[in-house]
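Written below as structure tokens is the structure these notes are about.
The values are calculated or read from the model by the stated rules, or taken from the named source; none is laboratory data. All values reported here derive from a predicted model rather than from experimental measurement. All Cβ positions, glycine included, derive from the backbone under ideal geometry; neighbour counts span all protein chains shown.
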Amino acid sequence: MSVTYLGMPPFPQAAEVSVRDERLRRNLRHATHTIRDKRAGAVAELVDWAALRAAGAQIKDRTLRHLDHYLEQLEGAVTAAGGTVHWAADAREANEIVTRLVRETGEREVVKVKSMATQEIGLNEALERAGIAAYETDLAELIVQLGDDHPSHILVPAIHRNRGEIREIFRERMGRWGRPAPDGLTDAPAELAEAARLHLREKFLTAKVGISGANFMVAESGTLVVVESEGNGRMCLTLPETLISVVGIEKVVPTWQDLEVFLQLLPRSSTAERMNPYTSTWTGTTEEDGPRTFHLVLLDNGRSDTLADRVGRQTLRCIRCSACLNVCPVYERAGGHAYGSPYPGPIGAILTPQLDSMDTGLDTSLPYASSLCGACFEVCPVAIDIPEVLVHLRERVVQGGTATVRGQRTTVKPAKGHAAERAAMRAATWAFDHPRALRAGERLASRARRLVPRRLPGPGRAWTDTRDVPAVPPESFRDWWRRTRGPQGGPGSGGRGARPGDSDSDSDRNSGSGDSSANGNDKGDGDGPAGMVR
Amino acid sequence: MSGSGSRETVLARVRRALADVPRDERPEQVKVARDYLRVHGERTPRERAQLLAEHLADYRAHVHHCSPAALPRTVAGLLALRGSRSVVTPPGVPDAWVPEGMRHVRDSAALSPRELDAIGSVVTGCAVAVAETGTLVLDASEDQGRRRVTLVPDHHICVVRVPEQVVDSVPQALERLDPARPQTWISGPSATSDIELNRVEGVHGPRTLDVVLVTDDAAETESTEDSEGAEDSEGAAGNGAPPRG
């Protein structure tokens, strides 16, 4: 079962539609810019942010390098505190476990805390097939669920909806699920929130089963942590008699003390707050306080495969803050739906394909949903080098190689549709190694430059589906260099500040230094550009 | 299906995935540099309480100061201002905190969520308060009660003993807390920005949060009102305010 939604087209096709949606782009621009500016302020308050960020990355690395140890420690602690631990290798297993646990309670309804993991495995749909109604209780998730829609942002999932649409969704749909929207509901945000409060309170007061994820699990104490704003999480975590938490295996942290890092990093990175309104922590079950039965479902679903990839492993540090979405120029324009899974934005572009083992055409397109500008890496509170992983995954798409798929080392073939690109890259590598051929090719291209079409024909067409063919200059850089510096001129020989337009006046400066002329030979020339091909 | 079969599968996959980690490497050998700050700035107890009050008010909690002797009067005033006729308290809250004539319900396991929903206000103590973040932590001690009592009623009055319950920072708070106890960290009343990023206070938790800072050196007289926006009537608050998660 794939992490991506059924039937989702590759990213460029989906994005082609969404970038034309002006309202969506306006909403996204407003949202991402507002949150990113506020975040910068919240982060600037802490002079030790860089040290916290480094510690956050290191704690996660320690955990990941010894994940088996910490999972067993966590299991022991949760069990000792009165909880029951289940292990799910994939989405199907996790859904089966949760369905069985709900059935055992005899209930047909559950209330849910917003959780990425349960979205990832499609739990609501699985429960529905089993005749169990799952009610999302986060305001945005409620809007998404009532609207029969997909979330488009990790933190504010209904950011693509405006208040008028939300009012219509509430008026038309709330009554089908429970208490209808009040008569005369306007589109004022406070009124809409009040309608949700009334609608959901009925659910909370009667719910017998709650389902959640968790932001952190503390191995040494068996404590789970949920960070939220609205209080729907507290409702689901404390009022029902049975609580089932579905949590990815990478969410474990070694010690209670480690939370001092993440409870500073997460709220400031995510909502740009000093602290989010509510954080709940619980350890197993507590006499007369909260659920009497607690189940923890530990979810793999591609995480161990991601762990096996030494470059991709860092992806599992992610604490789902969504800061990378808010700074990403691609996300800002394409929107969350184009990423085709619950994980949009830069983190989605590296997480989804890895969890999925590049299963779908969407998966192999996601590593390209980036300009590699690096803003995501810069804001990431656990220092995930997203561009590095993107490039690594592109390599896997184009060249194939070995990867771990459902626990097995597997040789993966290059993805379909990348044969032409691979051939072109091979040809480029050869040409850069053979300067004479390169020079001849460049001159030919310059002379024929007016004939180059905007879209390439034949096997090159796929490449130009998403790119413009670069303009061919009248003269290649190498020819310009030779013409203005002479055949013996090389880098470092005095022309550092020169630009093509200055070539005439600069040419005589060359004569002053010939000390590094060895760089001008053919071998030296070939090294630089060939390195850039990667 | 589930159970030990998948347990072994997942653990075996994780172990195979970590083939590059030397067998004799122990977790503690993976370096974690804790060279971040324990506190962000040096403060006197008075400055610490001041910062707590500012940060609580930033997130629309209403902050009040009083002496121990004036506490019952302060609480009575807040309940009257709110118009509450019933109040629930955990077992450890002194009777004296709740004014005469008020319907006073002691929390117990027998109290259902629906019964709690019919109660106007809740009065509790706290375990620790964090100045740098404007956070109150409840850990289900006798004067804080079960997690649900501070959740279902729409008005929460939380009493903080100053200076002994106030710390500067998140690291200091965690040191004082026992993970075995269920905890609720509260930073302002519940809020959402899910609709066009407009901040709305109060979706599910208490929509009004009153924090009473009790100090020996506070004036014995009336409570003082610190926060702006205290006059906001609940429900209408926050319209057009800057967004927050």
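Tell me, which helices (runs of 4 or more DSSP H) wholly within the range A:1-117 include 3 or more residues that are among the charged types (D, E, K, R) and within 11 Å of chain B (Cβ to nearest Cβ)?
On the way: elements: A:11-18, A:22-44, A:49-65, A:67-80, A:91-105.
Counting at least 3 such residues, we get A:22-44, A:49-65, A:67-80, A:91-105.
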Collect the residues in the range A:385-413 that are part of a strand (DSSP E or B) and not hydroxyl-bearing (Ser, Thr, Tyr), keeping them in residue-number order. A:GLY401, A:ALA403, A:VAL405, A:GLN408, A:ARG409, A:VAL412
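If the requirement is being at pLDDT 85 or above, exposed (fewer than 14 other Cβ atoms within 10 Å of the Cβ) and at negative phi, which of these qualifies: A:PRO474, A:PRO387, A:PRO453? I'd like the intermediate steps shown before the answer.
On the way: A:PRO387 fails: exposed (fewer than 14 other Cβ atoms within 10 Å of the Cβ); A:PRO453 fails: at pLDDT 85 or above.
One residue alone meets the criteria, A:PRO474.
Output the residues belonging to the range A:147-157 that are farther than 15 Å from A:GLU230 by Cα and either surrounded by fewer than 21 Cβ atoms within 10 Å (Cβ to Cβ) or within 8 Å of chain B (Cβ to nearest Cβ) (or both). It would help to see each step written out before you state the result.
Start the filter on the range A:147-157 by keeping residues that are farther than 15 Å from A:GLU230 by Cα, which leaves A:147-154.
Hits for the range A:147-157 are A:GLY147, A:ASP148, A:ASP149, A:HIS150.
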Could you go through the range B:186-200 and let me know if any residue there is in contact (Cβ under 8 Å) with a residue 40 or more places away in the chain, within 10 Å of chain A (Cβ to nearest Cβ), within 30 Å of A:VAL78 (Cβ to Cβ) and in contact with a helix residue (DSSP H, G or I) (Cβ under 6 Å, 6 or more places away or on another chain). no
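Of the residues B:ARG34, B:ARG60, B:ARG48, B:ARG23, which is part of a loop (DSSP other than H, G, I, E, B) and in contact (Cβ under 8 Å) with a residue 12 or more places away in the chain?
Working: B:ARG34 fails: in contact (Cβ under 8 Å) with a residue 12 or more places away in the chain; B:ARG48 fails: part of a loop (DSSP other than H, G, I, E, B); B:ARG23 fails: in contact (Cβ under 8 Å) with a residue 12 or more places away in the chain.
Checking each option against the conditions leaves just B:ARG60.
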Go through the range B:167-194 and count every residue that is of a type outside the set (Ser, Thr, Tyr) and modelled with pLDDT under 95. 4
Return only the number of the condition from (1) more than 7 Å from chain A (Cβ to nearest Cβ); (2) out of contact with any Gly (no Cβ under 7 Å at 6 or more places or on another chain); (3) not basic (Lys, Arg) that B:TYR36 does not satisfy. (1)
For the range A:285-306, state whether one or more residues are touching a Lys or Arg at 6+ places or on another chain (Cβ under 9 Å), more than 9 Å from chain B (Cβ to nearest Cβ) and farther than 25 Å from A:ALA88 by Cβ. no
Please go through the range A:144-162 and pick out each residue that is in a helix (DSSP H, G or I) and under 21 Å from A:ALA334 (Cα atoms). A:VAL144
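Quick check on the range A:234-270: of everything there that is of a type in the set (D, E, K, R) and in a loop (DSSP other than H, G, I, E, B), which residue is farthest from the other protein chains (Cβ to nearest Cβ)? Show your work before the answer.
Of the range A:234-270, the ones of a type in the set (D, E, K, R) are A:234, A:241, A:250-251, A:258, A:260, A:268.
Still in the running and in a loop (DSSP other than H, G, I, E, B): A:241, A:258.
Working: A:GLU241: 11, A:ASP258: 8 Å.
By that ranking, first place goes to A:GLU241.
Would you be able to say whether some residue in the range B:152-164 is on the phi > 0 side of the Ramachandran plot and within 12 Å of another protein chain (Cβ to nearest Cβ)?
Step one: filter the range B:152-164 for residues on the phi > 0 side of the Ramachandran plot, giving none.
No, every residue in the range B:152-164 fails to be on the phi > 0 side of the Ramachandran plot and within 12 Å of another protein chain (Cβ to nearest Cβ).
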Could you figure out which of (1) without any contact (Cβ under 8 Å) to a residue 40 or more places away in the chain; (2) hydrophobic (A, V, I, L, M, F, W, C); (3) crowded, with 18+ Cβ neighbours inside 10 Å isn't true of B:LEU111? (3)
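Could you please let me know if A:GLU241 is surrounded by fewer than 24 Cβ atoms within 10 Å (Cβ to Cβ), farther than 28 Å from A:ARG201 by Cα and among the charged types (D, E, K, R)? Break it down stepwise before answering.
Details: surrounded by fewer than 24 Cβ atoms within 10 Å (Cβ to Cβ): yes; farther than 28 Å from A:ARG201 by Cα: no; among the charged types (D, E, K, R): yes.
Taking the combined requirement at face value, the residue does not satisfy it.
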Taking the criterion of being free of Cβ contacts under 8 Å to residues at least 12 places away in the same chain, touching a Pro at 6+ places or on another chain (Cβ under 9 Å), buried (at least 19 other Cβ atoms within 10 Å of the Cβ) and within 30 Å of B:ARG26 (Cα to Cα), would at least one residue in the range A:57-65 satisfy it? yes
